[in-house]
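Working notes, beginning with the structure itself.
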Amino acid sequence: MKKLVMTMLTALMAVAASAQVQVLSENHAMLRLEQGKKYVLLPVEEKAENASVRVIGKDNQSTRRPNVRLAVDNVDYYVPLEIKDGQLLDIIFHGDRRTKGAIKDFACWKEIKCSDSFDTTNREKFRPAYHHTPLYGWMNDPNGMFYKDGVWHLYYQYNPYGSLWENMTWGHSTSKDLIHWEAMPLAIEADAIGTIFSGSCVVDKNNTAGFGANTIIAFYTSAAEAQTQSMAYSTDGGRTFNKYEKNPIITSDAPDFRDPKVFWHQETSRWIMMLAVGQEMQIWSSANLKDWRKESSFGSEYGCHGGVWECPDLLKIGDKWVLLCNINPGGPFGGSATQYFVGQFDGHKFTCESMPKVTKWLDYGKDHYATVSFSNAPDGRTVVLAWMSNWQYANQVPTRQFRSANSIARDLGLFKDGEETYVSVTPSKEMLAARGAKLKKPSSTCEIVVDVKGTMELTLSNTKGEQVVMKYDAQQQTFAMDRTKSGDTSFSEAFAIETVAPTHGALKQLRLFIDNSSIEAFASDGKMAMTNLVFPSEPYNIIKVKGGKATIYEVKK
């Protein structure tokens, strides 16, 4: 992934010279910043408790209030806070101060710096090269994805003030090829209604909302004491958004009420919104994107109910409809995963064609969640991205500058196995275009194509003895990936695991995508997908294959 690298840090000024600190109590301080600088660089210590940092601007009005783990003892990294609308920070520390020492001695006061720029040069050996990642900070669910005028737009759940989950905002990146991503300014930030949870965007081609033809309309969950649905609109192609003055547009007394996914239903000439509500999906409709009515619910007794249902998507694929339902926990190997249902939709109600207890998983790896599709995708394609992590350990994976990546883009289709219809998953065609020259051995970023001959075993390893073992059982028609000895697994007991998937027939060819800290495996016919993170101390550069022939390609970055 090519990054939009901002200019290097210019002259940094120690807080003693650039700001005035006033300690007001054992957990309260104010910091007045130097005039004329663009950023204050806040020192973060991940083991510290969150501090509430209130930015006070013109007329003594509070403009923002992010939570930041300000350093108490040591600095893990810095995050930038723009000073544009206020030079006074009002800071409340949380947690037990008796175990932290006196507030005046906290490391943050000596380490806070002011600057006109922030260095985003990559410092992480585990950062993927051809997967989307944030320049810095925490990322989870992909949001609001759409395609327009040759550009793929990806928004995502983002914390700009640390690499742990907090301060949910919509980050924004764009791409012309689904591989190389350019970081854009923040798209939608928290307001008085709440922080900005997951949602979707549509291109309002016919001006049904009244903001103008081809306006980009975003729908998202405002999360505070309650979860409500809000909207915003963009008249500059999705770069900046104006929030709708009558937000929230939908409310509920349900505690889990979120993740609006909106699409146009041609047959009824209405917009449809899917909402995740506890352990069901609700279907709402609207003619103008502003006024919504509930049509029906789906979910009771269907599929897996091991956790909360999240991030729905209802897709027309061929002559059937597919309802994506992300669930956490409850995945086939623990934690979060994506299940789906195949059936029909009449504009009012979704009807599943399978028996209620049938559960179908889109990906059988441990690190594939929050799968949603791009709106307005070209050529009738159904293109999806997933968050490549698992809530069991997402906050603990061994990176600091950033946490989490998205999967490679995938195209969905359908196939039959017996009486059941399943969703096929294949790497999007853009990945084939990125295939480079043949390599003699694996590298940290490569594609491996394996022609399989019956039962097969493939081992990727390095000189440290770390390895990932993949096995195809021709008799049982299963594919397994064992990462128990893959490298660093110490950060979570849930990480060292073998994952197993059905192949729905003979596996003839396997495609593997390796990118520094991830392995994505696909049956070439789309009948199996498996996504797993790995954290080897050095790249896997040794390959052994029994029962097949491997060809290795570089991936052009």
Size of charge dipole - the chain - debye, nearest 20, with Cβ of Lys, Arg +1 and Asp, Glu -1, no other charges: 1260
Pair residue 269, residue 73: separation of 7 Å Cα→Cβ label points (nm): 6.7
J(HN,Hα) series, region 144-160, from Karplus relation 6.51 cos²θ - 1.76 cosθ + 1.60, nearest Hz, glycine and proline x: x, 6, 8, 10, 7, 6, x, 10, 8, 9, 10, 9, 7, 5, 9, 10, x
Karplus 3J(HN,Hα) series, Hz, for region 403-410 with 6.51 cos²θ - 1.76 cosθ + 1.60 (x for Gly, Pro): 9, 5, 10, 9, 5, 5, 5, 10
For region 36-100 and region 521-549, distance of Cα centres in Å: 43
With 10 Å bins from 0: P(r) over region 24-110, alpha-carbon pairs, percent: 18, 53, 26, 3
Span from the region 442-491 Cα centroid across to the region 304-327 one, whole angstrom: 29
Whole-angstrom Cα spans of region 223-341 along principal axes, big to small: 43, 40, 28
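State the extension gain, in nm to one decimal, for the chain segment bounded by residue 549 and residue 317, taking 0.36 nm per residue of separation less the distance between their alpha-carbons.
Values: separation 232, 0.36 × 232 = 83.52 nm, distance 3.37 nm.
Full extension of this stretch gives 80.1 nm more.
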Cα-only Debye scattering, region 191-254: base-10 log of I(q)/I(0) at q = 0.16, 0.17, 0.29 Å⁻¹: -0.50, -0.56, -1.25
Sparse-neighbourhood loop sites, trypsin sites (Lys or Arg not before Pro) in region 247-351 - DSSP loop, at most 13 other Cβ within 10 angstrom: 349
Virtual spin-label span in nm between residue 253 and residue 439, 7 Å along Cα→Cβ: 5.8
Computed over the chain: relative contact order in percent, which uses C-alpha pairs under 8 Å that are six or more apart: 11
From phi via Karplus (6.51, -1.76, 1.60), per-residue ³J(HN,Hα) for region 129-135 in Hz, x at Gly/Pro: 9, 10, 10, 6, 9, x, 4
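Specify whether the C-alpha gyration tensor of region 125-182 places it in the rounded, prolate or oblate class, a ≥ b ≥ c being the square roots of the eigenvalues: rounded for a/c under 1.5, otherwise prolate if a/b is larger than b/c and oblate if not.
Here region 125-182 falls in the oblate category.
Shape call for region 393-523 from the C-alpha gyration tensor, a ≥ b ≥ c root eigenvalues: rounded (a/c under 1.5), prolate (a/b greater than b/c) or oblate?
Cα axes put region 393-523 in the rounded bin.
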Hydrodynamic radius (Kirkwood) for the chain, which is based on Cα pairs only, to one decimal in Å: 24.6
Whole-number accessible area per residue in Å² for the chain, which is evaluated in the context of all protein chains at 1.4 Å: 39
Quarter of the Cα convex hull surface for region 150-287, i.e. its orientation-mean projected area (nm²): 9.4
Residue 491-residue 207 FRET efficiency (beta carbon distance; Förster radius 35 Å; 0.05 resolution): 0.10
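Run lengths n ≥ 4 of DSSP H only: what is the helix-derived mean residue ellipticity at 222 nm for the chain, with -39500 (n - 2.57) per run over all residues, to the nearest 500? Display every interim value, and only then the final one.
Numbers: 3 runs with 14 residues, N = 557.
So the helix-based figure for the chain works out to -500 deg cm²/dmol.
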For region 53-205: rounded, prolate or oblate by the Cα gyration tensor [a/c cutoff 1.5]: prolate
Charge dipole (debye, nearest 20) of region 497-557; +1 at Cβ of Lys and Arg, -1 at Cβ of Asp and Glu: 300
Potential extension, residue 54-residue 110 segment - 0.36 nm per residue separation minus Cα distance: 18.2 nm
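The values are calculated or read from the model by the stated rules, or taken from the named source; none is laboratory data. Everything numeric here is computed off the predicted structure, so don't read it as measured data. Note that we place each Cβ from the backbone using ideal geometry, even for glycine, and neighbour counts take in every protein chain shown. Side chains included, ligands, DNA and RNA excluded: accessible areas come from the protein's heavy atoms. Shrake-Rupley method; radii C 1.70, N 1.55, O 1.52, S 1.80 Å.
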